Amino acid sequence: DLDYAERLARLLGADLKPQVVHAVDRVDLKIMPGEVVGLVGESGCGKSTLGRMLAGIMPQTEGEILWKGRDRRKLDRRDARTARLTAQMIFQDPMSSLNPRKRVIDIIGEAPVAHGIIPRRERDAYVAGLMERVGLDPAYKERFPHQFSGGQRQRIGIARALAVKPQFIVCDESVAALDVSIQAQILNLFMELRRELGLTYLFISHDIGVVKHISDRVAIMYLGRIVESASAEAFFSQPNHPYTVALLQEIPTIANRRRIFSPIKGEIPSPLHPPSGCHFHPRCPHAFDRCRREAPTLREIAPGHISACHLNDEKAHPPQKTTALS
Ligand code: SF4
Ligand code: MG
């Protein structure tokens, strides 16, 4: 279940990491405690890679990921372990992330015992409590993953993540494979858990409809770069970046929501050889000369609202007649 970019990189024997990290490290993606940040982008834009780095299951090669204000690579062993446990990831397809040979009791109960979060003798009661909390009947704790429906399997994945008492959960397309009615149930469960446990989420999705439903803040990624981030309110009422505007014009309806998300005209360029300047320029209806030459940087255009587009400079400093523009 790899991203397009990762598959492509492997086929070509290329090392994608420096590129993705290069993209990620020009970004200040701050995620505040208790916040739900929606991370949106087309397939292969690097959002899963960024999510994995933030969850600590894939190393970054450059830049810093701060954990409580400290560089995660410089933590001592104990803090590194805590940082790893406090960030958990929930994937799209629980079938491939749950061991088919293990019973639910072991899938959920293994990590908290191994990490000394609970004593061995309390395991069964602890797992039963978690199963109830995520809407599963504890009577099924001896069953195997294939004996559950897709939605129930996702609940098992959630219980497994909760078992190590995380503070931060990265959901990577966690409801994308589910029917719409089940999607709503799982999203509601995420939001209940957030309220009860004070969880923080990075919610990665290609589906703006889903993200709109749950996010406090939205960040948009295009070919490995965050191009805009704002409160959900500002994002949907005053989108700034031309890519965002194009995405919002194409919010899929419920009926066609499952189709592959690539609404904007023009091919998605290869992430291995991104276009010069602004990566979006070949598809941007507003592209001008500077866009091909120079990458725009993220700038605050309103409090808490950042966007990377040269048009914002043009608005702030309209080109002067005396300035020679080539
Ligand atoms: Fe379009 Fe230029 Fe803005 Fe990029 S910098 S989004 S190409 S106008
Ligand atoms: Mg992905």
*asked:* Being more than 16 Å from ligand 2 (Cβ to nearest atom), under 27 Å from residue 167 (Cβ atoms) and either outside any helix (DSSP H, G or I) or not charged (D, E, K, R) (or both): is that true of residue 230 here?
replied: yes
*Across segment 29-53, what is the number of residues that are basic (Lys, Arg), within 22 Å of residue 299 (Cα to Cα) and surrounded by fewer than 24 Cβ atoms within 10 Å (Cβ to Cβ)?*
1
*Restricting attention to segment 98-126, report how many residues are free of Cβ contacts under 8 Å to residues at least 12 places away in the same chain and among the β-branched types (Val, Ile, Thr).*
2
*Do we have residue 210 as touching a helix residue (DSSP H, G or I) at 6+ places or on another chain (Cβ under 8 Å), within 28 Å of residue 87 (Cα to Cα) and modelled with pLDDT of 90 or more here?*
no
*Return only the number of the condition from (1) part of a loop (DSSP other than H, G, I, E, B); (2) in contact with an Asp or Glu (Cβ under 9 Å, 6 or more places away or on another chain); (3) aliphatic (A, V, I, L, M) that residue 178 does not satisfy.*
(2)
*asked:* Going by what's in this entry, would residue 125 be described as crowded, with 21+ Cβ neighbours inside 10 Å, modelled with pLDDT of 95 or more and either out of contact with any Cys (no Cβ under 7 Å at 6 or more places or on another chain) or over 24 Å from residue 229 (Cβ atoms) (or both)?
replied: no
_Tally of residues being under 27 Å from residue 157 (Cα atoms) and surrounded by 14 or more Cβ atoms within 10 Å (Cβ to Cβ) across segment 54-100_ = 26
*Close pairs (8 angstrom Cβ cut-off, 6 or more residues apart or separate chains): surrounded by fewer than 17 Cβ atoms within 10 Å (Cβ to Cβ) in segment 167-196, of a type in the set (Lys, Arg) anywhere*: 180/257
*asked:* Condition (residue is farther than 12 Å from residue 227 by Cβ, near ligand 1 (Cβ under 8 Å from one of its atoms) and outside any helix (DSSP H, G or I)) applied to segment 292-313: is it met by at least one residue?
replied: no
*asked:* Checking residue 160 against (1) surrounded by 23 or more Cβ atoms within 10 Å (Cβ to Cβ); (2) within 19 Å of residue 48 (Cα to Cα); (3) touching a residue at least 60 places away in the same chain (Cβ under 8 Å), only one condition comes out false. Which one?
replied: (2)
*Using beta carbons and a limit of 7 Å, which pairs, at least six apart or on different chains, have the first residue in segment 70-97 and at pLDDT 85 or above and the second one among the β-branched types (Val, Ile, Thr) and assigned to a loop (DSSP other than H, G, I, E, B)?*
88/164; 89/57
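The values are calculated or read from the model by the stated rules, or taken from the named source; none is laboratory data. Worth saying up front: this structure is predicted, and the values here are computed from it rather than measured. For neighbour counting, all protein chains shown are included, and Cβ atoms are generated from backbone atoms with ideal geometry for every residue, glycine included.
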